[in-house]
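For reference, the structure discussed in these notes is given below.
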């Protein structure tokens, strides 16, 4: 299994079109760990101490969402509790960007293998220059 993960990370790091550099993957790994530390009832300041300031924040009708895109983390807050302003965490989620989801990685890897195969076939059919 470790060999598969190493091969996949190597593929991501070598693919010029891929946003999945090793540092991106490390940041997402860190985000997954940090997301597991966010608990229901935490205040926004407690979450910010853990994750830093969010990259984006959306507020609507007593609820808000904070997004940490580099970490792949989304935290949902409720702003009112028992009629008083009391923002607190009601949920947290972690998600990979679409380009790093397993089905997209498999599609890209298959495409790369086909391209490499075509390239090696072209080299083997090239006339010998001797």
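The values are calculated or read from the model by the stated rules, or taken from the named source; none is laboratory data. Remember, predicted model here, so these are calculated numbers, not experimental data. Because the Cβ atoms are built from the backbone with ideal geometry, glycine has one as well, and the counts that use them run over all protein chains shown.
Among the residues of the stretch 67-96, what is the count of those that are crowded, with 17+ Cβ neighbours inside 10 Å and in contact with a helix residue (DSSP H, G or I) (Cβ under 7 Å, 6 or more places away or on another chain)?
10
Could you please give the count of residues in the stretch 60-97 that are farther than 19 Å from residue 50 by Cβ, outside any strand (DSSP E or B) and touching a strand residue (DSSP E or B) at 6+ places or on another chain (Cβ under 7 Å)?
The total comes to 1.
Could you pull out every one of the helices (runs of 4 or more DSSP H) wholly within the stretch 1-52 that has 1 or more residues that are modelled with pLDDT of 55 or more, more than 16 Å from the chain's Cα centre (by Cα) and surrounded by 15 or more Cβ atoms within 10 Å (Cβ to Cβ)?
In the stretch 1-52, the matching helices (runs of 4 or more DSSP H) lie at 44-51.
Determine the pairs where a residue that is free of Cβ contacts under 8 Å to residues at least 24 places away in the same chain, located within the stretch 45-61, has a partner that is in a loop (DSSP other than H, G, I, E, B) with Cβ atoms under 6 Å apart, the partner being 6 or more residues away or on another chain.
55/69
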